[in-house]
Structure formats: C-alpha cells, structure tokens
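Student: Quick one: this structure, given as structure tokens, is what I'll be asking you about.
The values are calculated or read from the model by the stated rules, or taken from the named source; none is laboratory data. No experiment lies behind these values; they were computed from the predicted model shown. Because the Cβ atoms are built from the backbone with ideal geometry, glycine has one as well, and the counts that use them run over all protein chains shown. We work out accessible area using only protein heavy atoms, side chains counted, and drop any ligands, DNA or RNA first. Shrake-Rupley method; radii C 1.70, N 1.55, O 1.52, S 1.80 Å.
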Amino acid sequence: MLRAAGVGLGDEVIVPAFGNVEVTEAVIRTGALPVFADIDPVTYCLDPLAVGAAVTPRTTAVVVVHRFGRPAEIGRMHELGERHGLLVLERGESEAPRDEVAQRRERAAFLDARLRGVRTPDGGDGHTYQQYVVRVPGNGRPDRDAFARALQRKGVDCRVPVKTPVHRLPDHRRCVSLPETELAADETLSLPMGALLTRRDMQRIVTACNALGGLLQPAF
C-alpha cells in the first residue's frame with residue numbers, strides 16, 4: 001500500500017513502536033524513514049496528539065495499527081491526515097464472528113468485575129477482546145515478569161504481548177522519548193481469552209491473580 005501510494009526515498013512515515021516490527025520493516029523496504037510516535041495508554045494505539053507532534057515537512061503517511069481488539073481513534077487520524085496532507089493507512093486485526101465476539105465480551109465482563117490488583121482493559125469503542133490485556137502496576141518490568149511467572153506456576157497461560165518496543169530493538173534503535181510505549185511494554189500482560197475458556201477456567205484466573213494482586217505493588 002505504501003509503494004502504491006508513491007511513498008519512497010526521502011519520505012517519513014509515522015508508525016507505532018509498541019509491537020508490529022513488520023510495519024517498521026515495510027516502511028524501510030520502500031526506502032522511507034519510519035518515525036516512531038507514542039501510544040495512547042488506554043487503546044495502545046497511536047496517540048493522535050503524538051502523531052501531530054511528529055509531523056514534519058517530509059511526513060507523507062501514518063500507519064495506524066489497531067491493538068488487542070480495541071480500535072484506534074481513526075476519525076481523529078483522518079482529520080490529521082486532511083490537515084497535513086498525509087496518507088492514513090490502517091493495519092487491522094482479523095475479524096471474528098459476532099457470536100464469538102459476544103462470548104469474549106461476556107468473559108471480559110466476568111474478569112473485569114472480579115480481578116483485583118491489576119488494571120483491567122478499557123472496554124470502550126467496540127472492544128472485541130482479541131486479547132485481554134491487563135496492567136500489573138509496580139516498579140516496572142521485574143514486577144510484571146514476576147507476576148507472570150507466578151501465574152504460570154499456578155497453571156494460568158499468560159504472556160507478555162510486547163516484550164521490547166521496536167525503537168529499543170538493535171536493528172531499529174532510536175533515541176526518542178516514548179514514555180507511554182515503554183511503560184506499556186513494562187506493565188502489560190495478556191491473560192487467557194478464548195472460546196474454549198470455561199467459567200471454571202476464568203475463576204481459576206481470578207483466584208490466581210487476586211492471590212498475587214497487591215503483593216508486587218509499591219508500598220506508600
């Protein structure tokens with residue numbers, strides 16, 4: 001899509017650094033320069049204000065990536081595109097059948113109401129919960145990783161969705177301030193969320209998390 005739009009050498013394309021290294025690499029293959037902008041801490045998608053601040057006279061496009069089933073603020077992105085003459089491209093997620101999405105939302109509501117000691121995801125704007133991503137607040141990544149290991153020992157198949165932001169990877173390292181991106185990479189944890197998840201499974205997740213919740217948070 002970038003090549004078809006004429007994006008190439010000398011152009012800049014704004015992209016997220018929170019995962020999706022393939023987006024960055026696609027920009028590089030056109031000869032353009034990927035420019036990283038920060039994310040919104042609620043949606044985990046590009047923050048329109050951060051995108052606006054990253055625009056330069058050489059910026060030609062923005063690649064907006066929807067994350068975890070929570071859509072980006074695409075309306076505001078198109079407004080930015082019109083204001084600055086930018087191409088706005090979307091990287092979507094695979095769509096699930098309506099009944100499957102309804103089941104995910106029911107499971108998410110169950111977890112939202114019962115989890116303690118972690119920050120549950122915001123369910124606004126048609127969240128489809130492709131992943132159920134919580135935050136483990138504390139003193140940074142060691143807390144989240146310790147929490148994840150403790151859950152795994154209790155049989156909860158959790159995982160870290162983004163281990164290292166793209167701008168910290170050796171091949172794409174940049175000296176750029178992306179505080180929300182880095183905090184999300186340190187705190188986020190994806191809990192099980194699928195069609196085969198039973199009520200008993202969900203209760204086990206809740207029990208395991210609540211037994212740990214608060215233990216890894218800083219004392220005040």
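Student: Between a residue in the range 112-140 that is touching a residue at least 40 places away in the same chain (Cβ under 8 Å) and any residue that is aromatic (Phe, Trp, Tyr), which pairs come within a Cβ distance under 7 Å, given they are 6 or more apart or on different chains?
Tutor: From residues that are touching a residue at least 40 places away in the same chain (Cβ under 8 Å), the pairs are Pro121/Tyr132; Gln130/Phe68; Gln131/Phe68; Val133/Phe68; Val136/Phe147.
Student: Within the range 59-91, can you find the residues that are more than 20 Å from the chain's Cα centre (by Cα) and among the charged types (D, E, K, R)?
Tutor: Selection gives Glu79, Glu82, Arg83.
Student: Output the number of residues of the range 180-220 satisfying the condition of being modelled with pLDDT of 95 or more, touching an Asp or Glu at 6+ places or on another chain (Cβ under 7 Å) and open to solvent by 50 Å² or more (accessible area, probe 1.4 Å).
Tutor: Result for the range 180-220: 1.
Student: If you don't mind, there's one more thing I want to ask. Only one of Gly75, Gly117, Gly124 is touching a strand residue (DSSP E or B) at 6+ places or on another chain (Cβ under 9 Å) and either more than 20 Å from Val162 (Cβ to Cβ) or part of a loop (DSSP other than H, G, I, E, B) (or both); which?
Tutor: Result of the check over Gly75, Gly117, Gly124: Gly124.
Student: Quick check, is Thr56 surrounded by 13 or more Cβ atoms within 10 Å (Cβ to Cβ), more than 22 Å from the chain's Cα centre (by Cα) and at pLDDT 95 or above? Break it down stepwise before answering.
Tutor: Values: surrounded by 13 or more Cβ atoms within 10 Å (Cβ to Cβ): no; more than 22 Å from the chain's Cα centre (by Cα): yes; at pLDDT 95 or above: yes.
When the stated conditions are applied, Thr56 does not pass them.
Student: Further question on the same structure: When Gln103 is evaluated against the numbered criteria (1) open to solvent by 60 Å² or more (accessible area, probe 1.4 Å); (2) assigned to a strand (DSSP E or B); (3) in contact (Cβ under 8 Å) with a residue 60 or more places away in the chain, which criterion, by number, is the only one it fails?
Tutor: Every condition holds for Gln103 apart from (2).
Student: Filter the range 44-53 down to the residues that are open to solvent by less than 10 Å² (accessible area, probe 1.4 Å) and under 20 Å from Gln131 (Cβ atoms), then identify the one that is farthest from the chain's Cα centre (by Cα).
Tutor: Residues of the range 44-53 that are open to solvent by less than 10 Å² (accessible area, probe 1.4 Å), as a first pass: 45-46, 48, 51.
Still in the list and also under 20 Å from Gln131 (Cβ atoms): 45-46.
On the way: Cys45: 6, Leu46: 9 Å.
Of everything passing the filter in the range 44-53, Leu46 is farthest from the chain's Cα centre (by Cα).
Student: Here's a follow-up. Where the second residue is at pLDDT below 95 and the first is of a type in the set (S, T, N, Q) and lies in the range 167-187, which pairs have Cβ atoms under 9 Å and are six or more apart or on separate chains?
Tutor: Sorted first by the residue in the range 167-187, then by its partner, the list stays empty.
Student: Any idea which of Val27, Val13 is part of a strand (DSSP E or B), farther than 30 Å from Val134 by Cβ and either acidic (Asp, Glu) or touching a Pro at 6+ places or on another chain (Cβ under 8 Å) (or both)?
Tutor: Val13
Student: Right, something else. Of the conditions (1) within 16 Å of the chain's Cα centre (by Cα); (2) at pLDDT below 90; (3) open to solvent by 30 Å² or more (accessible area, probe 1.4 Å); (4) not hydroxyl-bearing (Ser, Thr, Tyr), Gly124 satisfies every one except a single condition; which number is it?
Tutor: Status for Gly124: all satisfied but (3).
Student: Among Val136, Val88, which is modelled with pLDDT under 95 and in contact with a strand residue (DSSP E or B) (Cβ under 9 Å, 6 or more places away or on another chain)?
Tutor: Within the list Val136, Val88, the selection yields Val136.
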